[in-house]
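Have a look at the structure below before the remarks.
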Amino acid sequence: MARFLHLADIHLGFDRYSSPERTKDFFKALNDVIERYAIGERVDFVLIAGDLFEHRNIQPAILNQAQICLRKLRAAEIPVLAIEGNHDNRPYGTATSWLKYLSNWGLLKLLEPGSVADGEAFYQSWCDRTRQGGYIDLACGVRVVGSSWYGAAAPQAIQQIAEAITQLPPGPAHTVLMFHHGLQNQIARYAGALHYSEVHPLKAAGVDYLALGHIHKNYAEEGWIFNPGSLEANNIEESRYERGVYLVDLNAQGIQARLQQDYYQRPIARLSIEARGQETLEAVEQMAIAAVETALESGQVVADLQPMVELRIEGQVGFDRLDLDTRKLQATLQQRSNALIFLLKYDVDQVAYASPLSDDSDRLRVEQEIFNDLISAHSVYKKRSPILSQGLIDLKDLALEDADEAAQYEFLEKLLSGPE
């Protein structure tokens, strides 16, 4: 029996939200997974199915994070087999990448096809001396095959890979292929995903376990295709996806792949409120504060853990939507929740009023109704809209009569200070 750990989309060096602590989360997740499920479970090998790094060009501290984790596996004599993903693959026209660097230093084995155009075989057996090869036969009875990042050319690449696998010399009982691409119907707005029929030639070629990466959501298909998802959510929206790592047993009875999720991850909470157009600006602010307080009381947000929190304000408001100071409110909510990152999404429409007017309405009638509609859309003044709309007509008349500014200001003060 062979046991291995399948990881993908680790994204060391993640730097969105401009938070150094958030960047460390991705290292902490990888380090915890390695200690718990690779070393702790005494696996025979570890697979990294693409996107070890967030960027092709990385900072020294991020390289150091990768080395710390990989050295632990080397000390435990657990080989790491990896492929490049779209985030960490070598730039076009260059001969190396940071994964290649780690492979050359013996911290992992980068399995990649040879260059047929340069006269190389598509798949050569891994050589520890040259640190090159496209597949490796392990003593635990598994052949692991690598691939590259193909993007839109993935369907054609699959045909080439399948044919190359059938031409390999006889090997162990089980074949595992790492491939960085996604299947259709797993997430929305993903162009270029593969249909199941396009990957099936790999099954026919003898692949027992297809180790995918790329899509940050966990899924499995037909008992032989597995995608663990990213270790950490790359944004708050991804928090709705299941994710983790696969701890896999391969034996004569088949595949037992168990998704493991008990490791370090930054907690994320998504909250929302809906304004109905009747609330004042102050009332909307209090609704937002109350939503966070309720989440704290219920345990949905745990302040001691410095979570990431998103609050969406949706619906309609009866005031100028730009009057809400979103930066100030966001800072208040972040302080109350003790969130590492607090995102305030303010997506509202202003209440629109439109009084019916007949075709023969005179100019005065049209002006009164326009003023009335504008005032009625404001939650503070809508109860006095008939009085205020007539007042605006009168104020306009004063201006047309060349009344002095003092008289106009006095009229306006009396109008605004009048009874509710």
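More than 30 Å apart: what percent of Cα pairs in region 2-260 qualify?
Here the tail beyond 30 Å accounts for 20 percent of pairs.
Please determine, in degrees from 0 to 90 and to the nearest 10, the orientation of helix 154-166 with respect to the longest principal axis defined by the Cα atoms of the chain, where the helix direction is its Cα long axis.
Once rounded, the angle reads 20 degrees.
Relative contact order of the chain: what whole-number percent is it, with Cα pairs under 8 angstrom and at least 6 residues apart?
12
State the answer as a single residue: which of C69, V33, M1 lies farthest towards the positive end of the charge dipole of the chain, with beta carbon charges of +1 for Lys and Arg and -1 for Asp and Glu, about the Cα centre.
The listed residue farthest towards the positive side: M1.
Of the beta bridges DSSP finds with both residues in the chain, what % are antiparallel, to the nearest 5?
Within the chain, antiparallel bridges account for around 30 percent of the total.
Between Y219, L108, S389, whose Cα lies farthest towards the positive end of the dipole of the chain when Lys and Arg beta carbons carry +1 and Asp and Glu beta carbons carry -1, centred on the Cα centre?
L108
Between D249 and A331, 0.36 nm times their residue separation minus their Cα-Cα distance comes to what?
Result for the pair: 24.7 nm of gain on full extension.
Just going by the charge dipole of region 268-350, with Lys and Arg at +1 and Asp and Glu at -1 on Cβ, which of A295, I341, A331 is farthest out on the positive end?
Final value for the positive-end residue is I341.
Rounding to the nearest 10 and keeping the result within 0 to 90°, find how far the Cα-based axis of helix 20-33 lies from the longest principal axis of the chain.
Once rounded, the angle reads 40 degrees.
Roughly what angle does helix 363-376 make with the longest principal axis of the chain, taking Cα atoms, 0 to 90 degrees, to the nearest 10?
Orientation of helix 363-376: about 50 degrees from the principal axis.
For region 38-94, what log10 I(q)/I(0) values come out of the Debye formula at q = 0.21, 0.25 1/Å, with one point per alpha carbon and no solvent?
-0.87, -1.06
Report ³J(HN,Hα) in whole Hz for each residue of region 318-333, in order, from the Karplus equation J = 6.51 cos²θ - 1.76 cosθ + 1.60 where θ = phi - 60°; Gly and Pro get x.
Taking θ as phi minus 60°, the curve returns x, 8, 4, 4, 7, 6, 6, 7, 5, 5, 5, 5, 4, 5, 5, 5 Hz for region 318-333.
Could you give P(r) for region 268-350, binned at 5 Å from zero, as whole percent values over all Cα-Cα pairs?
3, 16, 30, 24, 15, 9, 3, 0
Evaluate Rg over Rh across region 129-208, taking Cα atoms for both radii and Kirkwood's formula for Rh.
Using only Cα positions, Rg/Rh for region 129-208 is 1.01.
Using mean Cβ contacts within 10 Å as the protection proxy, how do 65-73, 192-200 order, highest first?
Per-residue mean Cβ counts within 10 Å order the peptides as 65-73, 192-200.
Which order do K100, K328 fall in if you start with the one that has the fewest other Cβ atoms within 10 Å?
K328, K100
Please report, in debye to the nearest 20, how large the charge dipole of region 2-260 is about its Cα centre when each Lys and Arg carries +1 at its beta carbon and each Asp and Glu carries -1 there.
The calculated dipole for region 2-260 is roughly 440 debye.
Which distance in Å, rounded to a whole number, links the C-alpha centroids of region 215-254 and region 148-179?
Centre-to-centre (Cα) distance: 21 Å.
Using just the helices of the chain, give the 222 nm mean residue ellipticity in deg cm²/dmol: DSSP H runs with n ≥ 4 each add -39,500 (n - 2.57), and the total is spread over all residues, rounded to 500.
Per the formula, -10000 deg cm²/dmol.
Determine one quarter of the surface area of the Cα convex hull of region 22-144, which equals its mean projected area, and express it in nm² to one decimal.
8.0
Between their Cα atoms, which of K100/K217; K24/K328; K28/K109; K328/K396; K217/K328 are more than 29 Å away from each other?
From K100/K217; K24/K328; K28/K109; K328/K396; K217/K328, over 29 Å: K328/K396; K217/K328.
Every number in this text was worked out from the coordinates using simple rules, so none of it is lab data. In this text, all values refer to a predicted model and were calculated from it rather than measured experimentally. Here Cβ is always computed from backbone atoms with ideal geometry, including for glycine, and neighbour counts include all displayed protein chains.
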